[in-house]
Amino acid sequence: MQKILIVEDEAAQRILYKEELGEMGYEIQLAASGEEALEMAKKDRPDLVVLDIMMPGIGGLETLREMLNDNPHIPVIINTAYSHYKENFMSWAAEEYIVKSSDLTQLKEAIKRLLG
C-alpha cells in the first residue's frame, strides 16, 4: 500500500485528509509540523508528501528543502491557502501546487497522477 504523509498544522484538515485519502486506498500518515514531518519522512519513507506552507516552527518551504536534500526523488504536493507562494522559487521544486479548497478533487487528481 502506498504511503502519503500529510503535513498540516490544522487538526481538522488533517482528519479530513486522512479520511478522504484513506478511502482512496492509501496509507495515511499525519504530521502537525515541519519538524515532525522531517522525522517521519526519514524514518518511514512515504511515497508522496502533501505539504502545507504556513506552519509554526519550520515552515513548509524550509521543510520541502530539507526533505528534498534527504530524498531528491520524493514527490511533494504543496497544498496551501495562499496562492502567492507559487511564485517563490523553492515552491517550484514541488510536483504540484494546489490552493486549498473544500473540494478535494484537484488534490485527489494530483495524487492519482503522481502515484499512478
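The values are calculated or read from the model by the stated rules, or taken from the named source; none is laboratory data. All of these numbers come straight from a predicted model, not from anything done at the bench. So basically every Cβ, Gly included, is an ideal-geometry build from the backbone, and we count neighbours across all protein chains shown. Ligands, DNA and RNA are stripped out before the accessible areas are found, and what is left, the full protein with its side chains, is counted by its heavy atoms. Shrake-Rupley method; radii C 1.70, N 1.55, O 1.52, S 1.80 Å.
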*Quick check, is GLY57 in contact with a Gly (Cβ under 7 Å, 6 or more places away or on another chain) and within 16 Å of VAL76 (Cβ to Cβ)?*
no
*asked:* So, in region 8-30, exactly how many residues are open to solvent by less than 60 Å² (accessible area, probe 1.4 Å) and either assigned to a strand (DSSP E or B) or of a type in the set (Ser, Thr, Tyr) (or both)?
replied: 5
*Go through (1) surrounded by fewer than 16 Cβ atoms within 10 Å (Cβ to Cβ); (2) modelled with pLDDT under 95; (3) over 17 Å from GLN13 (Cβ atoms); (4) more than 11 Å from the chain's Cα centre (by Cα) and name the single condition SER102 misses.*
(3)
*State yes or no: is GLU36 buried (at least 16 other Cβ atoms within 10 Å of the Cβ), out of contact with any strand residue (DSSP E or B) (no Cβ under 7 Å at 6 or more places or on another chain), under 19 Å from GLN106 (Cβ atoms) and modelled with pLDDT of 95 or more?*
no
_Any hit, region 71-82, residues being of a type in the set (A, V, I, L, M, F, W, C), open to solvent by 50 Å² or more (accessible area, probe 1.4 Å), closer than 21 Å to LEU16 by Cα and free of Cβ contacts under 8 Å to residues at least 40 places away in the same chain_ = yes
*Identify all residues within region 1-20 that are under 19 Å from ILE74 (Cα atoms) and either of a type in the set (Gly, Ala, Ser) or modelled with pLDDT under 95 (or both); write none if there are none.*
MET1
*Go through LEU21, LEU16 for me and flag whichever is touching a strand residue (DSSP E or B) at 6+ places or on another chain (Cβ under 6 Å) and not hydroxyl-bearing (Ser, Thr, Tyr).*
LEU21
